[in-house]
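To start, the structure under review is shown below, and the notes come after it.
Each reported figure results from applying straightforward, stated rules to the coordinates on display, with no laboratory input. Keep in mind that what you see is a predicted model, and the values were worked out from it rather than measured. Cβ atoms come from the backbone with ideal geometry, glycine included; neighbour counts cover every protein chain shown.
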Amino acid sequence: MPMKTIALVLAVFCVLLSSAAQLAMKRGLAPGGAHADVAGTYLQAFTSPLVWLGLFLYGASAVLWLWVLSRLDVSLAYPLVSLGFVVTVGLGIVWLGEPFSWLRVAGCTLIVIGVSLLALDVRA
């Protein structure tokens, strides 16, 4: 497998890790903002295993991202990060029960089209 292909696959994996981090941290916090004050929110966050898992996933993603950046043009790699919006919206709807809307679908579709156009411009 060519190095650029491996880097692209790893970039997508980093995006998935980052999305998983967002979802874990959201799940680790009280629903509906049960802790209205800042101190209560952070106390809950720092004592939640899911928040710590999310922070770990972010860290792992950042470490892997360094390798990706060393192999891909930043003008290709960074737009792939926007795929995280698509993944996170979809999983937020399915896993967290967040509201579905066609406007969100349209926005995600535009993101996918944009990233696809950028990916077509990959030079060997």
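Within segment 16-124, report the chymotrypsin sites (Phe, Trp or Tyr not before Pro) that DSSP leaves as loop and that have at most 15 other Cβ atoms within 10 Å.
Loop-located and lightly packed - 100.
What full-extension length gain, to one decimal in nm, is calculated for residue 69 and residue 9 as 0.36 nm per residue of separation minus the Cα-Cα distance? Walk me through the numbers on the way to the answer.
Numbers: separation 60, 0.36 × 60 = 21.60 nm, distance 1.26 nm.
So the chain would gain 20.3 nm between residue 69 and residue 9.
Against the longest principal axis of the chain, how steep is helix 3-28, in degrees 0 to 90 to the nearest 10, with axes from Cα atoms?
Compared with the principal axis, the helix lies near 10 degrees.
Restricted to Cα positions, what overall size does the chain have along the principal axes? Three whole-Å values, descending.
Per principal axis, max minus min of the Cα coordinates gives 51, 35, 22 Å.
Considering only 19, 101, 61, give the residue with the highest GNM mean-square fluctuation for the chain, with springs between Cα atoms whenever their separation is below 10 Å.
101
With 10 angstrom as the radius, rank 41, 5 by how many other C-beta atoms surround their C-beta, starting from the fewest. Write out the running numbers ahead of the final one.
Details: 41 15, 5 10.
Ranking 41, 5 by Cβ neighbours within 10 Å, fewest first, gives 5, 41.
Quick check on segment 5-70: take the gyration tensor over C-alpha atoms, sort the square-rooted eigenvalues as a ≥ b ≥ c, and tell me if it's rounded (a/c under 1.5), prolate or oblate.
prolate
Suppose R0 equals 22 Å; then what is the FRET efficiency for residue 30 and residue 101 from their Cβ-Cβ distance, rounded to the nearest 0.05?
Between residue 30 and residue 101 the formula returns 0.35.
Cα axis of helix 49-71 to longest principal axis of the chain: angle in degrees, 0 to 90, nearest 10?
That works out to roughly 20 degrees.
Compute the acute angle (0 to 90°) between the alpha-carbon long axis of helix 83-95 and the principal axis of greatest extent of the alpha-carbon atoms of the chain; round to the nearest 10°.
Its long axis makes an angle of about 40 degrees.
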